[in-house]
Amino acid sequence: MSAPSHAPDSAEQAEQTDAVNVATQAREVRGDSDNRSLRQIAWQRLRKDKVAMVSGVVVVLLILAAICAPLLAKWFGAPPTQFHQDLIEPSTGLPMKDPANPSPFDTDPWGAISAEHLLGVEPVTGRDLFSRIVYGAQISLLVAFLSTVLCVVLGTLLGIVAGYKGGWIDTVISRAMDVFLAFPLMLFAIALVGVIPEGVLGLTGNGLRIGVIVFIIGFFNWPYIARIVRGQTLSLREREFVEAARSLGASNRHILFREILPNLVTPIIVYSTLLIPTNILFEAALSFLGVGINPPTPSWGKMLSDAVPLYENAPYFVVFPGLAIFVTVLAFNLFGDGLRDAFDPKTSD
Amino acid sequence: MLNYILRRLGAGLLLLAVVTAVTFWIFYVLPRWAGVTPRGMAAMYVGKAPTPEALDATVERLGLDQPVAMQFLEFVRGLLLGQEFTFGRETVECAAPCLGYSFTTNSPVLPQLLDRLPVTASLAFGAAIIWIIGGVAVGVLSAVKKGSFFDRLAMGTALVGVSMPIYFTGLLALAFLVHKWELFPVSRYVPLSEDPVAWFQVMFLPWVTLAFLHAAQYARQTRAGMLEVLGEDYIRTARAKGLSERRVIFKHALRPTLTPIVTIFGLDVGLVLGGAILTETVFSLNGIGAYAIDAIVGKDLPVVLGVTLMGAVFIVVCNLVVDLLYPVLDPRVRIAG
């Protein structure tokens, strides 16, 4: 058993489809020779990659924090929509250093951080910033996960069919990928929010907004996954085990979903991990522009746009939500990179 | 070669047609499916709070009660031949290509859009030049000096670059570089033709901010591509026959690496030309993206439709330009085409 000679290099990515393609082949070769499956090898490599492990832990913590947002807010903060105007100096709208002696000249550029309010309070309303950021994680991750799932489902289905069937079906689907990539995504998202009325499919308010954003991302971003899946399927369908299944009289559906799809799980997981941060940024951008999540539901993008006019007097209000987005996206990116390197035989033992 | 050009042109036109159809579908058909009545649609198009009579007039004027196919024909006719709208006794013309007529400002959308195009174009081209040169240069250097301090620093920075929302970097830049340290002037957009120096000063920060995000992506991609190519046999051959390292890197390795980069470059420039919404918002630049956002806030739907369509046109056109550049970059295309 040979150990990796160097830590996987985060950007040493080969042409994507190719890399994972070889990975699937390597699985069989290596699995036979030293009884380790590709997943075991990858896991061993991943464990040696400190950056990936740390970012993986951060990702898990973020997900836990999002799920446990109500608990965290209860223990360490205040409900995210509760006003604390006793901490706000009324004439400037900024948090005060010493709420007992209100004075317009005694405002705190760091938002009156205290044991009750770990990250201080929002200007004007005095809502607890910590719990708003934790609740913001909920929305952000929810939208990112749902939209990624939609991308993956659409992309996998269309990619696998295009790759397996070939011919005119492949041509049509591949052209469609080009078309979908040619749309100005953000403009469309903004437009849709303006066009779709309240109450469609029984959705209103933020349910509807989340629905629209998820639909837009899923509907226009599936080609990224589809391209990878198609490339993989193209080579998988020529392999012996597919031929064997076919000669045993297996149906197309069986071959696609029982024989080929299991071999695609790894690349799909790797690229979904890299799609999540993109989708987080997209939701944040829409909320920043005021067409994403509606207030008073906390969202990082909206917080940043609220902070824009105040950034000189309340820098913390820019920094905390900005950092929340940055850390989350960075963690997912680093973890995704690490995952890809771990599964990539070219960064090999 | 001519064959190739004609085929790309044809594909571009087809793409344009599909994009138009999808845009139409989103603005006219989807709301109907979602249960919006013709009057409701009219309300989205007139803006402000209209009277029932005004709504009926708009329904009539835009043909919103017509079957979808008729509306689509009318929409396409407007694009190709122009349209006329009657307001009581007055008739307004929306010359071809009529991207729509804003009932809020009482003017066709296209001229307003073109008014703002210089701002967005300045932003797009300036930033694009910085990010393609910067990104590729950093990527090549990183690949050549793989594992060095420079490589790690550059790739670390690039990862930060792709993970930062542009409105966050933009805000930080404004807060520190403009307001705190006063390195850049606080001022509005100045046209290039009026005062090139002021234009440059105003645009510099938006350029760098926008370019940083893209350059990061390009650097990562270039590095990955270069590393792959540098492992190829023909590179070893080139080195073995005694070519200088510079020649190997720039002539033999960089060229195949650039092909996919140029493809993305075309898409990105097209996308930014259609409105760099976030950058324009953060830096208060009055470009196409800001126009779209204002329109959404003011519920001026024809403008949103116009901007969307225009944005798609830019992407298609830029893609076409890249397609036509391909044979120059990649001789295989020349022979195959």
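The values are calculated or read from the model by the stated rules, or taken from the named source; none is laboratory data. No experiment lies behind these values; they were computed from the predicted model shown. Quick reminder, even Gly has a Cβ in these numbers, built from the backbone with ideal geometry, and neighbours come from all protein chains shown.
Scan region A:290-303 and tell me whether some residue there is facing chain B (nearest Cβ under 9 Å), more than 19 Å from A:Val59 (Cβ to Cβ) and modelled with pLDDT of 85 or more. Checked region A:290-303: at least one residue is facing chain B (nearest Cβ under 9 Å), more than 19 Å from A:Val59 (Cβ to Cβ) and modelled with pLDDT of 85 or more.
Given the residues B:Thr237, B:Thr263, B:Thr259, which is the only one that is without any contact (Cβ under 8 Å) to a residue 12 or more places away in the chain and assigned to a helix (DSSP H, G or I)? Give the steps one after another, and end with the answer.
Working: B:Thr263 fails: without any contact (Cβ under 8 Å) to a residue 12 or more places away in the chain; B:Thr259 fails: without any contact (Cβ under 8 Å) to a residue 12 or more places away in the chain.
Result: B:Thr237 is the single residue among B:Thr237, B:Thr263, B:Thr259 that is without any contact (Cβ under 8 Å) to a residue 12 or more places away in the chain and assigned to a helix (DSSP H, G or I).
Here the condition is being facing chain B (nearest Cβ under 7 Å), assigned to a helix (DSSP H, G or I) and at negative phi; of A:Val212, A:Val179, it holds for A:Val179 alone.
Annotation for region A:114-137: at least one member residue is among the aliphatic types (A, V, I, L, M), farther than 30 Å from A:Thr278 by Cα and either modelled with pLDDT of 80 or more or not in a helix (DSSP H, G or I) (or both).
Quick check: anything in region A:217-228 more than 30 Å from B:Trp33 (Cα to Cα), modelled with pLDDT of 85 or more, assigned to a helix (DSSP H, G or I) and away from chain B (no Cβ under 14 Å)? Full working, then the answer.
Step one: of region A:217-228, the residues more than 30 Å from B:Trp33 (Cα to Cα) are A:227-228.
Retained after the next criterion (residues that are modelled with pLDDT of 85 or more): A:227-228.
Right, trim to assigned to a helix (DSSP H, G or I) and you get A:227-228.
Now restrict to residues that are away from chain B (no Cβ under 14 Å): A:228.
For region A:217-228, residues more than 30 Å from B:Trp33 (Cα to Cα), modelled with pLDDT of 85 or more, assigned to a helix (DSSP H, G or I) and away from chain B (no Cβ under 14 Å): present.
Looking only at residues in region B:282-299 that are more than 11 Å from chain A (Cβ to nearest Cβ) and in contact with a Phe, Trp or Tyr (Cβ under 7 Å, 6 or more places away or on another chain), the one that is surrounded by the fewest Cβ atoms within 10 Å (Cβ to Cβ) is B:Asn286.
Right, A:Val329: more than 12 Å from every other protein chain (Cβ to nearest Cβ), surrounded by 23 or more Cβ atoms within 10 Å (Cβ to Cβ), within 30 Å of A:Leu46 (Cβ to Cβ) and touching a residue at least 24 places away in the same chain (Cβ under 8 Å) or not?
Against the criterion (more than 12 Å from every other protein chain (Cβ to nearest Cβ), surrounded by 23 or more Cβ atoms within 10 Å (Cβ to Cβ), within 30 Å of A:Leu46 (Cβ to Cβ) and touching a residue at least 24 places away in the same chain (Cβ under 8 Å)), A:Val329 does not qualify.
Quick check, is A:Ala314 farther than 22 Å from A:Ile133 by Cα and of a type outside the set (Lys, Arg)?
Numbers: farther than 22 Å from A:Ile133 by Cα: no; of a type outside the set (Lys, Arg): yes.
The answer is no for A:Ala314.
Taking the criterion of being among the charged types (D, E, K, R) and modelled with pLDDT under 75, the only residue of region B:61-83 that qualifies is B:Arg61. Considering the conditions (1) surrounded by fewer than 20 Cβ atoms within 10 Å (Cβ to Cβ); (2) in contact with a Leu (Cβ under 9 Å, 6 or more places away or on another chain), A:Arg246 is excluded by exactly one of them, (2).
Kindly check whether there is at least one residue in region A:306-326 that is at pLDDT 90 or above and in contact with a Ser or Thr (Cβ under 7 Å, 6 or more places away or on another chain). Yes, region A:306-326 contains a residue that is at pLDDT 90 or above and in contact with a Ser or Thr (Cβ under 7 Å, 6 or more places away or on another chain). Go through region A:287-307 and give me each residue that's in a loop (DSSP other than H, G, I, E, B) and small (Gly, Ala, Ser). Passing the criteria: A:Gly290, A:Gly292, A:Ser299. Of all residues assigned to region A:304-320, none qualifies as being more than 8 Å from chain B (Cβ to nearest Cβ) and more than 28 Å from A:Arg127 (Cα to Cα). If you go through region B:28-46 and keep only what is touching a Pro at 6+ places or on another chain (Cβ under 9 Å) and not β-branched (Val, Ile, Thr), you end up with B:Pro31, B:Arg32, B:Ala34, B:Gly35, B:Arg39, B:Gly40, B:Met41, B:Ala42, B:Ala43, B:Met44, B:Tyr45.
Please go through region A:231-274 and pick out each residue that is within 30 Å of B:Ser163 (Cβ to Cβ) and touching a residue at least 60 places away in the same chain (Cβ under 8 Å). Break it down into steps so the answer makes sense when it comes.
Pass one, region A:231-274, residues within 30 Å of B:Ser163 (Cβ to Cβ): A:231-232, A:264-274.
The answer is A:Gly231, A:Gln232, A:Leu264, A:Thr266, A:Pro267, A:Ile268, A:Ile269, A:Val270, A:Tyr271, A:Ser272, A:Thr273, A:Leu274.
The helices (runs of 4 or more DSSP H) falling completely within region B:140-231 that include 1 or more residues that are among the aromatic types (Phe, Trp, Tyr) and away from chain A (no Cβ under 14 Å) map to B:149-163, B:196-230. Sort out which residues of region B:137-164 are free of Cβ contacts under 8 Å to residues at least 24 places away in the same chain and either on the phi > 0 side of the Ramachandran plot or crowded, with 22+ Cβ neighbours inside 10 Å (or both), and write them in order of number. Residues satisfying the conditions are B:Gly147, B:Ser163.
Sort out for me the helices (runs of 4 or more DSSP H) sitting completely within region B:1-69 that have 1 or more residues that are within 13 Å of chain A (Cβ to nearest Cβ). I'd like the intermediate steps shown before the answer.
Values: elements: B:2-24, B:30-33, B:38-46, B:52-62.
Answer list for region B:1-69: B:2-24, B:30-33, B:38-46.
For region B:187-207, how many residues meet the condition of being buried (at least 19 other Cβ atoms within 10 Å of the Cβ) and of a type outside the set (Phe, Trp, Tyr)?
Initially, region B:187-207 is screened for residues buried (at least 19 other Cβ atoms within 10 Å of the Cβ), giving B:189, B:202-203, B:205-207.
With the extra rule that they be of a type outside the set (Phe, Trp, Tyr), the set shrinks to B:202-203, B:205-206.
Within region B:187-207, residues that are buried (at least 19 other Cβ atoms within 10 Å of the Cβ) and of a type outside the set (Phe, Trp, Tyr) number 4.
Yes/no matrix, rows are residues, columns are (1) within 19 Å of the chain's Cα centre (by Cα); (2) farther than 22 Å from A:Trp222 by Cα; (3) of a type outside the set (S, T, N, Q):
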position: A:Asn252; (1), (2), (3): no, yes, no
position: A:Ile255; (1), (2), (3): no, yes, yes
position: A:Glu259; (1), (2), (3): no, yes, yes
position: A:Pro262; (1), (2), (3): no, no, yes
position: A:Pro267; (1), (2), (3): yes, no, yes
position: A:Val270; (1), (2), (3): yes, no, yes
position: A:Thr273; (1), (2), (3): yes, no, no
position: A:Ala284; (1), (2), (3): yes, no, yes
position: A:Phe288; (1), (2), (3): yes, yes, yes
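Among the conditions (1) touching a helix residue (DSSP H, G or I) at 6+ places or on another chain (Cβ under 9 Å); (2) surrounded by fewer than 21 Cβ atoms within 10 Å (Cβ to Cβ), the only one that B:Cys98 does not satisfy is (2).
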